[in-house]
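The values are calculated or read from the model by the stated rules, or taken from the named source; none is laboratory data. As the structure is a prediction and not an experimental result, all values here were calculated from the model. Cβ: placed from backbone, ideal geometry, glycine included. Neighbour counts: every protein chain shown.
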């Protein structure tokens, strides 16, 4: 977008990445300050981005934020509350899987600690809200390079215009190109695992119960969807996951049934199956002058705790609050002093969650009888301690630590 004299238009914030996190930030910023000039850049047309067959776990704090942004009211009818969660630990060949830990599903009366939401429902609602608020879109548009100046940053799009902004926010995923261009190093390693994501139909109702089965190859999560359907996050060694995804439907469903069990009756694959490599990637810095990371660009963690997207929503709530507060005080939103407040708020929490998920994955993704005995004792102990269970539910719901206003359901 250029002015009549050919110069690039100046924005306050340019967000590279039009996924859930990037769009949520655009909506939050425009709601907080309607005069703020905001643009979103994404390599794909927006209508392709929200054709996503997967589903996501939305923690209670995130649903409060989406309610405050006016999104949840539009999509709540498509959400499935998680009313209960059980955790088992066994070998694949075991005939019985004893339940070691159960969680009630409410943080407060009438508020489940999480919902399952189809991605194809959430994306269009966020996009429409952003468009209605006046967010500019450059999609398709590939963020090629950027240069930082004293009072602005210049973002060059491949084959397109140069955009200027007071602040550039990278929400371009775990393989963030902009993070690398900014010279931000990461702590990372590969788990040698892949997560198979699929949706299944089953004969009997799930009654809103989520299940996490710890098996030697990794966790096998069954997450309830509306109707007699569930979303699977199935962890296997990468070579086995690739074999299963390539297998014919009969073979895949046979292996699925061995892990899923028969408690919900006959199973049927509902839609495509895909495998995604799993690893840990944490940015050493979340900010540079006139540059900030959010979402998977800042942190990619194992899905064992189902907190990946919710960490991104925490980033959104914290960064939006910091930037809007700075605007009201007449401060430069791209200055390092302002952005450092966001970094202090989010970096430790993110590293802590990364360490927790890493330890859990290493502890549970193995076939050691000794480790199984230790962890099963620990799970049983937690199950008999209501105070500790409540703390875990609070963490899963997104209410642990200093909570930004949006995650508490308050306006900025």
*Among the candidates 337, 315, 325, 349, which residue alone is part of a helix (DSSP H, G or I), in the same structural domain as residue 34 (by TED's automatic domain parsing), out of contact with any strand residue (DSSP E or B) (no Cβ under 9 Å at 6 or more places or on another chain) and within 30 Å of residue 196 (Cβ to Cβ)?*
349
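What about residue 143, is it assigned by TED's automatic domain parsing to the domain that holds residue 41, in contact with a strand residue (DSSP E or B) (Cβ under 8 Å, 6 or more places away or on another chain) and either closer than 16 Å to residue 63 by Cα or surrounded by fewer than 22 Cβ atoms within 10 Å (Cβ to Cβ) (or both)?
No.
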*Kindly list the number of the only condition in (1) under 20 Å from residue 38 (Cα atoms); (2) surrounded by 20 or more Cβ atoms within 10 Å (Cβ to Cβ); (3) modelled with pLDDT of 95 or more that fails for residue 123.*
(3)
_Residues of the range 28-60 satisfying the condition of being closer than 25 Å to residue 81 by Cα and touching a strand residue (DSSP E or B) at 6+ places or on another chain (Cβ under 9 Å)_ = 52, 53, 54, 55, 56, 57, 58, 59, 60
*Mind checking which residues of the range 165-177 are touching a residue at least 60 places away in the same chain (Cβ under 8 Å) and under 19 Å from the mean Cα position of the chain (by Cα)?*
169, 170, 171, 172, 173, 174, 176
*Out of 141, 134, 160, report the one residue that is farther than 30 Å from residue 234 by Cα, touching a helix residue (DSSP H, G or I) at 6+ places or on another chain (Cβ under 9 Å) and assigned to a loop (DSSP other than H, G, I, E, B).*
134
*State whether one or more residues within the range 231-244 are exposed (fewer than 15 other Cβ atoms within 10 Å of the Cβ) and over 25 Å from residue 206 (Cβ atoms).*
yes
*Looking at (1) crowded, with 19+ Cβ neighbours inside 10 Å; (2) closer than 30 Å to residue 144 by Cα; (3) at pLDDT 95 or above, which is the only condition residue 69 fails?*
(2)
